[in-house]
Amino acid sequence: MVESSVGGVVPAVKGEVMRRMGDKEEGGSVTLRDEEVGTVTEWELDRELLCPICMQIIKDAFLTACGHSFCYMCIVTHLHNKSDCPCCSHYLTTSQLYPNFLLDKLLKKTSARQISKTASPVEQFRHSLEQGSEVSIKELDALLLMLSEKKRKLEQEEAERNMQILLDFLQMLRKQKVDELNEVQHDLQYIKEDLNSVERHRIDLYRARDRYSMKLRMLADDPIGKKPWSSSTDRNFGGLFSTSRNAPGGLPTGNLTFKKVDSKAQISSPGPQRKDTSISELNSQHMSQSGLAVVRKKRVNAQFNDLQECYLQKRRQLANKSRVKEEKDADVVQREGYSEGLADFQSVLSTFTRYSRLRVIAELRHGDLFHSANIVSSIEFDRDDELFATAGVSRRIKVFDFSSVVNEPADAHCPVVEMSTRSKLSCLSWNKYTKNHIASSDYDGIVTVWDVTTRQSVMEYEEHEKRAWSVDFSRTEPSMLVSGSDDCKVKVWCTKQEASVLNIDMKANICCVKYNPGSSVHIAVGSADHHIHYYDLRNTSQPVHIFSGHRKAVSYVKFLSNNELASASTDSTLRLWDVKDNLPVRTLRGHTNEKNFVGLSVNNEFLSCGSETNEVFVYHKAISKPVTWHRFGSPDIDEADEDAGSYFISAVCWKSDSPTMLAANSQGTIKVLVLAA
């Protein structure tokens, strides 16, 4: 043990000494250098100065009757428990302990020697003074003068360093503020340009409105010239009304009502009465439009910060593109007078402020007498938005005619097709090419393709080893579909083959899969590892990109367009991603989702999702807060029912790009909702 300990501390010294000792054994004489002798002796001496009990330098050395030295506290503590010497086991009591003054003196010298080797000059000087070294007054004055000069120098250097740090900070701050000022100046320039453009456009619209109002009064005052002039007026008004109807998500109700009332007045009333009626209708319409403008202005004020961020973001992003466009074709910008960023933001603003609530236009119950479990896991429109299918834990796929559900009484809502399955269903996906084909995934891991017309399965795939959560048909290659499962596998299937054509092994459970609508080789995969994996099926060795940001499992992924991806997670957020540039775009918050699948659906402008508060939430893709929401309620729910608070929205689906949507909850209630002003 001693040799190994020595070898670990000073291997070079030990090796050199042993080599020379070996030379001596061969008959040669060995002479150690003075420093080597000093080192070995010092090591042996230091070892002798260690207390055998605590293995530290002895403090308050005491000698036993048997000749061993220990720290006083160490040996006294030992003798309280045992009456023997720790080194030789000789019988020993506290009365046989004696102070070892010689060893104490030696220890003090050793300590001083150690300090002189390891301590700084200041510590050595302080130690010398403490030991009583003689120093004259003249020497002390010289030392004090030198120390004061040294102090002033150190203070000067410290002040320079602090000043340099302050200078660096101020320069960084100035640069930051200059950048911010430049950005604000650019923003102000954008706002000034847009104000001028909007003001010119508004004046043109007011002039056009005045012309139409004047022509309408002329028509009312001149019944003789009614016939030839009214055709041209109809053309003018027709263009105005068609523009209103063709606006994205426009509500033509007010215009159409005006036309109907006006036509009735023309047919059934004499000339003077028709004049008063048409003018009063015009005034009434103007008043209603003014009231609507006030309401929309309030919505703008309520979401001003988000709208401001949206405006500036779009203007900044498109600024460089606009400059390039101006250089290539300056006439286009001058002629139109409207920047691309402003036009884009105007579309967002008009769409966002158009709606303020969700209105129920139909409701039906998904449950039946034979199944108490009514959770609707999936609800999807078919290719032409004529039919919609529902599926859930009742082990049934039910297909309804949408127009019948909306137009017929609630007690007459019956599915046009109903198909039974062996297991609970998790997801549905209509084929966008073959209208009567729909795919399902279930809790047994089976992926099935059904023919709705014959009510029979076309293909059944049973390769998944655990529950399959998601299935999706490709839009561009209708024979291909993809599924994801709790077995951590993504499988790609072809309806012309009985086995999977591609398999992707992942490290966590798969919660959702979705084809890119513009590609048959790109899919998005939402996983329990909190990430979205974007794959190119031509090379599945690694994803094209992994989108990170969610803090819990990703429950849904949906494409708004070829480049825009939306995801939902049980961290109570929706997130938007750019799959072209692989960038996060926006985080949407407002609903509650911590454990259940609550549904996600998207169209070109809006996203809808459920909440564990039994509410449906609607978001605009450019705004991080909800546009509106609707709470499910039913007269069948007793307010005192303990389960009433546990109901949640379980599935949602938009009707293409219209303001109409379907929503279902865990109680089996399905509602047809429409966005309204």
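What to note about this one:
One line per residue, one yes/no per condition, for (1) open to solvent by less than 40 Å² (accessible area, probe 1.4 Å); (2) under 24 Å from Arg467 (Cα atoms):
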| site | (1), (2) |
| --- | --- |
| Leu502 | no, yes |
| Ser519 | yes, no |
| Ser527 | yes, yes |
| Tyr535 | yes, yes |
| Asn539 | no, no |
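- Contact annotation: no residue pair with Cβ atoms under 8 Å, 6 or more positions apart or on different chains, pairs a residue in the stretch 398-423 that is in contact (Cβ under 8 Å) with a residue 60 or more places away in the chain and open to solvent by 40 Å² or more (accessible area, probe 1.4 Å) with a partner that is assigned to a helix (DSSP H, G or I) and of a type in the set (A, V, I, L, M, F, W, C).
- Members of the stretch 440-462 found to be of a type in the set (A, V, I, L, M, F, W, C) and over 20 Å from Cys488 (Cα atoms), listed by number: Val449, Trp450, Val452, Val458, Met459
- None of Lys507, Lys514 is at pLDDT 95 or above and charged (D, E, K, R) except Lys514.
- Exactly one residue out of Tyr443, Tyr461 is assigned by the TED database to the domain that holds Ser378 and either within 21 Å of Leu600 (Cβ to Cβ) or surrounded by fewer than 22 Cβ atoms within 10 Å (Cβ to Cβ) (or both): that is Tyr443.
- Within the stretch 627-646, tally of residues that are open to solvent by 40 Å² or more (accessible area, probe 1.4 Å) and modelled with pLDDT of 90 or more: 2
- Here the condition is being in the same structural domain as Asp344 (by the TED database), assigned to a helix (DSSP H, G or I) and open to solvent by 70 Å² or more (accessible area, probe 1.4 Å); of Lys138, Lys108, Lys175, it holds for Lys175 alone.
- Among the residues of the stretch 480-489, not a single one is acidic (Asp, Glu), closer than 22 Å to Asn509 by Cβ and crowded, with 20+ Cβ neighbours inside 10 Å.
- Look at the stretch 582-604: where a residue is of a type outside the set (Phe, Trp, Tyr) and a partner is open to solvent by 40 Å² or more (accessible area, probe 1.4 Å) and part of a loop (DSSP other than H, G, I, E, B), sitting 6+ places away or on another chain with Cβ atoms under 6 Å, you get Gly590/Lys625; Thr592/Thr613; Asn603/Asp657; Asn604/Asp657.
- Qualifying residue in the stretch 514-529 (condition: in contact (Cβ under 8 Å) with a residue 60 or more places away in the chain, under 27 Å from the mean Cα position of the chain (by Cα) and closer than 30 Å to Glu594 by Cβ): yes
- In the stretch 552-607, counting only strands (runs of 3 or more DSSP E) that sit wholly within it, the ones holding 2 or more residues that are open to solvent by 10 Å² or more (accessible area, probe 1.4 Å) span 554-559, 573-578, 583-589, 600-602.
- Flag for Val30 being closer than 24 Å to Arg113 by Cβ, of a type in the set (A, V, I, L, M, F, W, C) and either in contact with an Asp or Glu (Cβ under 7 Å, 6 or more places away or on another chain) or at pLDDT below 50 (or both): no
- Test: residue in the stretch 491-498 that is over 12 Å from the mean Cα position of the chain (by Cα), of a type outside the set (A, V, I, L, M, F, W, C), surrounded by fewer than 17 Cβ atoms within 10 Å (Cβ to Cβ) and closer than 22 Å to Gln313 by Cβ: no
Here is a yes/no grid of residues against (1) of a type outside the set (Ser, Thr, Tyr); (2) open to solvent by 90 Å² or more (accessible area, probe 1.4 Å); (3) under 30 Å from Gln313 (Cα atoms):
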{"position": "Ser120", "(1), (2), (3)": "no, no, no"}
{"position": "Glu149", "(1), (2), (3)": "yes, yes, no"}
{"position": "Glu160", "(1), (2), (3)": "yes, yes, no"}
{"position": "Asn182", "(1), (2), (3)": "yes, no, yes"}
{"position": "Leu205", "(1), (2), (3)": "yes, yes, yes"}
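- Residue within the stretch 357-378 that is out of contact with any Gly (no Cβ under 7 Å at 6 or more places or on another chain), of a type in the set (A, V, I, L, M) and at pLDDT below 80 present: yes
Residue-wise test of (1) modelled with pLDDT under 80; (2) crowded, with 17+ Cβ neighbours inside 10 Å; (3) within 20 Å of Leu188 (Cα to Cα).
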position: Lys298; (1), (2), (3): no, no, no
position: Asn305; (1), (2), (3): no, no, yes
position: Arg315; (1), (2), (3): no, yes, yes
position: Leu318; (1), (2), (3): yes, yes, yes
position: Lys321; (1), (2), (3): yes, no, yes
position: Glu327; (1), (2), (3): yes, no, no
position: Val332; (1), (2), (3): yes, no, no
position: Glu336; (1), (2), (3): yes, no, no
position: Gly341; (1), (2), (3): yes, yes, yes
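The values are calculated or read from the model by the stated rules, or taken from the named source; none is laboratory data. Quick caveat, the model's predicted, so the values are computed rather than measured. No Cβ is skipped: glycine too gets one built from the backbone with ideal geometry, and neighbour counts run over all protein chains shown. We work out accessible area using only protein heavy atoms, side chains counted, and drop any ligands, DNA or RNA first. Shrake-Rupley method; radii C 1.70, N 1.55, O 1.52, S 1.80 Å.
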